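Participant: Let me give you the structure first, and then I'll get to my questions.
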Amino acid sequence: MKIKKALVPYLKPSKLIHYGIWVLMLFLLSQRIPSWITNYRVEGKLVEPFVVFNAEDAPQTLPLLQKKQIIIFWATWCKPCELELSRFNRAVADKEISADSVVAVSVGEEPSAVFAEVRSRGYLFPVFADLASRSTQSLEVQATPQVYHVDADRKVSYATMGVSPLAIMRARWFLR
């Protein structure tokens, strides 16, 4: 009986909701930990060149040599990707960053669907498709959107996954 009385203050509905929210937050946070570890491990790494294809099915080797660039891995069905790419597109349109400094790579999707989506969204930066997802290997891409800042020596200086509120500010700082 004493045990039940001791638990009564902790079993109130408001307390249970409070504890439930904390458990949910800890669970969601724990889901991000592997991507943080991977991003940390990739930073400073030399990116092995990979081949992707444009809308005309012409091959392009990335990352470009002697040029700083931001490489964004995305998927057409990914809503966070749509948000992140639209933010980069707006930054390019507003001349905050140059269009040739941002490269988007769609992974594992049919190129015809990718480029139809690109036309409908009106992206101002180069977009490529990688149906075989070979481009994801050297950068250890785990999910989309995945953003990498690659310096002129092909080293990753910054990596992040998901929507980042500071993405455009970081991109401007990196590309200057």
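Coordinate-derived values only; no laboratory data. Only a predicted model underlies this, so the values are computations on that prediction, with no experimental measurement involved. Quick reminder, even Gly has a Cβ in these numbers, built from the backbone with ideal geometry, and neighbours come from all protein chains shown.
Participant: Given the criterion under 15 Å from the mean Cα position of the chain (by Cα), without any contact (Cβ under 8 Å) to a residue 40 or more places away in the chain and surrounded by 14 or more Cβ atoms within 10 Å (Cβ to Cβ), identify the matching residue among Ala99, Ala167, Ala104, Ala171.
Facilitator: Ala104
Participant: So how many residues does region 149-164 have that are of a type outside the set (A, V, I, L, M), part of a loop (DSSP other than H, G, I, E, B) and either surrounded by 19 or more Cβ atoms within 10 Å (Cβ to Cβ) or in contact with a Lys or Arg (Cβ under 9 Å, 6 or more places away or on another chain) (or both)?
Facilitator: Of the residues in that region, 4 qualify.
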